[in-house]
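A.B. asks: Pasting in a structure now, in structure tokens, and then I'll have a few things to ask.
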There are 2 protein chains.
Amino acid sequence: MKLRFLGTGGSWPSKRRNPVSIALSSGPTTLLLDCGEGTQRQLLYSSVSPMRIRAVLVTHLHGDHILGLPGLVQTMSLNGREDELRIIGPHGTARSWEAALSVCAFKCGFDTPVTELSPGEGTEVDGLIVGSCQASHSVPALAYRVHEKDRPGRFDVEFARALGVPEGRLWGELQRGRTIELDLEGTRSVIAPSQVLGPPRKGVCIVYTGDTSPSPEMVRFSSEADLLIHEATYGDEYEAQAVEFGHSTARAAAGVALRAAVRQLALVHTSPRYSKDDGHLKLLAEAKEVFPHTIMPEDGEELEVIR
Amino acid sequence: MKLRFLGTGGSWPSKRRNPVSIALSSGPTTLLLDCGEGTQRQLLYSSVSPMRIRAVLVTHLHGDHILGLPGLVQTMSLNGREDELRIIGPHGTARSWEAALSVCAFKCGFDTPVTELSPGEGTEVDGLIVGSCQASHSVPALAYRVHEKDRPGRFDVEFARALGVPEGRLWGELQRGRTIELDLEGTRSVIAPSQVLGPPRKGVCIVYTGDTSPSPEMVRFSSEADLLIHEATYGDEYEAQAVEFGHSTARAAAGVALRAAVRQLALVHTSPRYSKDDGHLKLLAEAKEVFPHTIMPEDGEELEVIR
């Protein structure tokens, strides 16, 4: 699974960070996690093709998470897109998107069906499993868990050759989990996939919180994820504001990562007040005191998540 | 009058050009001409304070001209703005803005009154005179003419001293156009403003077309403007498309400038297809063949317009 951090800022843009949007790609499928204003321009600096985006997962209806969507959709349409783009979000997303479509003199050339999820509900996008949980924010908000389906184990070419399976169609059958029969110099032989395949490969799993205060529910929801992308609007000095406005400090986000036993933590949605003079390094340091395996991606950074 | 070209591209962003927005400042007053997606981030790279913007002149309701407005307004509000921001546009602007305000979970902290203009109608913003005319586009669209009021002539300090007017309050009276009386060593003397002021200074006048095909009406409307900011979506090779979609070639825009006898022409809203490898220079050359005093501003460029 590959993540491209298109925008990593919170509230409003700074020179350093665009409002938040993250492209998640698994095989041929790409999802967007939120879509702040300017996302379509950020995409120009990435290796993501906008036409390949299958769905946008909207965490909540604040402008810094959704105002890039109308422009992105219009540009896709002007460039001839015909494939539908799914929009997945909390209750209210359909009404919001309907309003967004009526702002401009514009007729979209493809469908943009909306799936509204209640916290805890899930859906599937091109084989990627999407789960949700309630985030603790000032408006209805969801966090998302996206995981790849498990794949069959690695095909062991040497074992297959030693068993006398000829290269070609039969290798494919075994890779797809089917038992085959062989006629080896007159002797009938049955070969099971387990004889040539390694253990099933677990799919990669990431959690994206959107805007939230830390919560026991978020700890449970993030349990053992390969990557937790958690908001970190503030540093320690604004802990009170974080509680008041439904946000997290970097340290509190690291606490969630620690208790959820995730493999890695990526902090996003930092307040523009930290955008100057590497002010974000203070937040990173505070988080690392709690959970050392923490990163704070810049706009444009890519991250390969493997197991 | 000072212009800052925040965005100079058409249709959708390129790496080189953001969708169109131009900040116009005269004294303490700033207006925005259109507000494409990403304008609030472009403002960060300019010397314009978003809080000083008094009004946004919307030419028409296509996304590349208006989708930056919701985010800009939200950021102003989150930063404590209380002064109203006027939105001026063609019929349909009020309904569009109402829809835009309902997209997000957000309550604006200041008023955003909308003034809809029929082609030919005008308004005034903090002493700046705004006129409109119909543009020839695929949807209802206005061009705008903004001019400063004429100011009194320059105060001639040497003349005032020679006439015996003491420095201070009486200088101010004369500058404001009032006749004064003096008692010069027992002799009563009447001094008129015309004795110490130069000729009235004409205000600067600019025209911004938004999206349009060239038209006789636009020539009349632009007559003798100090600066004509005209769209130039295409080069010569797309003349047919320009006609079909209600746009202009650079050469046709220069033709309007020539016939209107403007002092300078600035081309904006170039198609993203010209954004690579200085492709826009071709358009500039085509325009200059017709009207030599043509410029093609880059994003971030500033232009002082004087008479």
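A.B. asks: Expressed as a rounded percentage, what relative contact order does chain A have, with Cα pairs under 8 Å and six or more residues apart? Please list the in-between numbers first.
C.D. replies: On the way: 723 pairs, mean separation 55.8, N = 307.
Rounded, it is 18 percent for chain A.
A.B. asks: Considering only A:HIS137, B:VAL58, A:CYS35, whose Cα is most displaced toward the positive end of the charge dipole of the protein assembly as shown, charges sitting on Cβ of Lys, Arg (+1) and Asp, Glu (-1)?
C.D. replies: A:CYS35
A.B. asks: Assuming R0 = 56 Å, what is the FRET efficiency of B:ASP126 and A:LYS149, from their Cβ-Cβ distance, to the nearest 0.05?
C.D. replies: Working: r = 61 Å, r/R0 = 1.09.
So the FRET efficiency works out to roughly 0.40.
A.B. asks: So the label point sits 7 Å from Cα along the Cα-to-Cβ vector; using that for B:GLU173, what distances do you get to the other copies, in nanometres, sorted shortest first?
C.D. replies: Copy-to-copy label distances at B:GLU173, shortest first: 11.1 nm.
A.B. asks: While we're looking at this one, here's another question. With 10 Å bins from zero, work out the P(r) of the protein assembly as shown over every alpha carbon pair and list the percent per bin.
C.D. replies: Values per bin, smallest distances first: 3, 15, 22, 19, 15, 11, 7, 4, 2, 1, 1, 0, 0, 0.
A.B. asks: Gaussian network model of chain A, Cα springs within a sub-10 Å range: biggest mean-square fluctuation belongs to which of A:ASP126, A:ASP83, A:ASP183?
C.D. replies: Most flexible of the set in this elastic network: A:ASP183.
A.B. asks: Going through region B:75-110, which GluC sites (Glu not before Pro) have at most 16 other Cβ atoms within 10 Å and a DSSP loop state? Mind dumping the intermediate values first?
C.D. replies: On the way: sites: B:GLU82, B:GLU84, B:GLU98; in loops: B:GLU82, B:GLU84.
For GluC sites (Glu not before Pro) across region B:75-110 that sit outside H, G, I, E and B with at most 16 neighbouring Cβ atoms in 10 Å, the list reads B:GLU82, B:GLU84.
A.B. asks: While we're on this one: I'd like the distance separating the alpha-carbon centroids of region A:47-112 and region A:177-223, in whole Å.
C.D. replies: Comparing the Cα centres of region A:47-112 and region A:177-223, I get a distance of 33 Å.
A.B. asks: If a/c stays under 1.5 just call it rounded; otherwise compare a/b with b/c (prolate if a/b is bigger, oblate if not). Do that for region A:173-265, with a ≥ b ≥ c from the square roots of the Cα gyration tensor eigenvalues. Could you put the intermediate results ahead of the total?
C.D. replies: On the way: a/c = 6.07, a/b = 5.54, b/c = 1.10.
Prolate, since a/c reaches 1.5 and a/b exceeds b/c.
A.B. asks: For A:SER118, go 7 angstrom from Cα along the Cα-to-Cβ vector, then report the distances to that same point in the other copies in nm, smallest first.
C.D. replies: 5.3
A.B. asks: Classify region B:233-284: rounded, prolate or oblate, from the alpha-carbon gyration tensor (a ≥ b ≥ c, eigenvalue square roots; a/c under 1.5 rounded; otherwise prolate if a/b is larger than b/c)?
C.D. replies: oblate
A.B. asks: A:LYS276 versus B:GLU237, label points 7 Å from Cα toward the beta carbon: distance in nm?
C.D. replies: 4.6 nm
A.B. asks: Can you give the average number of partner chain beta-carbon atoms within 10 Å of each beta-carbon in peptide A:64-70, as a whole number? The partial results should precede the final answer.
C.D. replies: On the way: counts 5, 1, 5, 12, 4, 2, 7.
Going residue by residue through A:64-70 and averaging, the value is 5.
A.B. asks: Let me know the volume per residue of the alpha-carbon convex hull for chain B, in Å³. Spell out each step's value before the answer.
C.D. replies: Numbers: hull volume 45.6 nm³, N = 307.
Spelled out: Cα convex hull of chain B, divided by residues, is 148 Å³.
A.B. asks: What is the average number of partner chain Cβ atoms found within 10 Å of a Cβ in B:105-114? Don't jump to the answer; show the numbers that get you there.
C.D. replies: Working: counts 12, 4, 0, 0, 0, 0, 0, 0, 0, 0.
Other-chain Cβ atoms within 10 Å of each residue's Cβ, averaged: 2.
A.B. asks: Then there is this: At a Förster radius of 35 Å, what calculated FRET efficiency corresponds to the Cβ-Cβ distance of A:MET51 and B:GLU98, to the nearest 0.05?
C.D. replies: 0.65
A.B. asks: Would you compute, from DSSP H runs of 4+ residues alone, the mean residue ellipticity of the protein assembly as shown at 222 nm, taking -39500 (n - 2.57) per run and dividing by the full residue count, rounded to the nearest 500? Write out the running numbers ahead of the final one.
C.D. replies: Working: 20 runs with 154 residues, N = 614.
The helix contribution divided over the protein assembly as shown gives -6500 deg cm²/dmol.
A.B. asks: Could you give me the ³J(HN,Hα) list for region B:13-20, computed from phi with Karplus coefficients 6.51, -1.76, 1.60 and θ = phi - 60°, whole Hz, x at Gly and Pro?
C.D. replies: The phi angles translate into x, 10, 4, 7, 10, 7, x, 6 Hz.
A.B. asks: Looking at region A:134-186, which trypsin sites (Lys or Arg not before Pro) are DSSP coil and have at most 14 other C-beta atoms within 10 Å of their C-beta? Write down the numbers at each step before the final one.
C.D. replies: On the way: sites: A:ARG145, A:LYS149, A:ARG154, A:ARG161, A:ARG169, A:ARG176, A:ARG178; in loops: A:LYS149, A:ARG154, A:ARG176, A:ARG178.
Hits after loop and neighbour filter: A:LYS149, A:ARG154, A:ARG176, A:ARG178.
A.B. asks: Shortest first and in nm with one decimal, please list how far the A:VAL139 label point sits from its counterparts in the other copies (point 7 Å along Cα→Cβ).
C.D. replies: 2.3
A.B. asks: What nm value, rounded to one decimal, do you get for the distance between B:GLU167 and A:GLU217 when each label is placed 7 Å out toward the C-beta?
C.D. replies: It works out to 7.2 nm between the two label points.
A.B. asks: So which trypsin sites (Lys or Arg not before Pro) in region A:52-107 pass both tests, a DSSP loop state and at most 13 other Cβ atoms within 10 Å of the Cβ?
C.D. replies: Details: sites: A:ARG52, A:ARG54, A:ARG81, A:ARG86, A:ARG95, A:LYS107; in loops: A:ARG81, A:LYS107.
Qualifying residues, ordered by number: A:LYS107.
A.B. asks: Can you pull the one-decimal nm distance between simple spin-label points at A:GLU302 and A:THR29, each 7 Å off the Cα toward Cβ?
C.D. replies: My value for the distance between the label points is 2.1 nm.
A.B. asks: Follow-up. Using +1 at the Cβ of each Lys and Arg and -1 at the Cβ of each Asp and Glu in the protein assembly as shown, identify which of A:PHE245, B:VAL165, B:TYR234 lies farthest towards the dipole's positive end.
C.D. replies: B:VAL165
No value in this document is a laboratory result; all are computed from the given coordinates. What you see is a predicted model, and the numbers here were worked out from it, not measured in a lab. Counting neighbours? That spans all protein chains shown, and the Cβs are built from the backbone with ideal geometry, glycine included.
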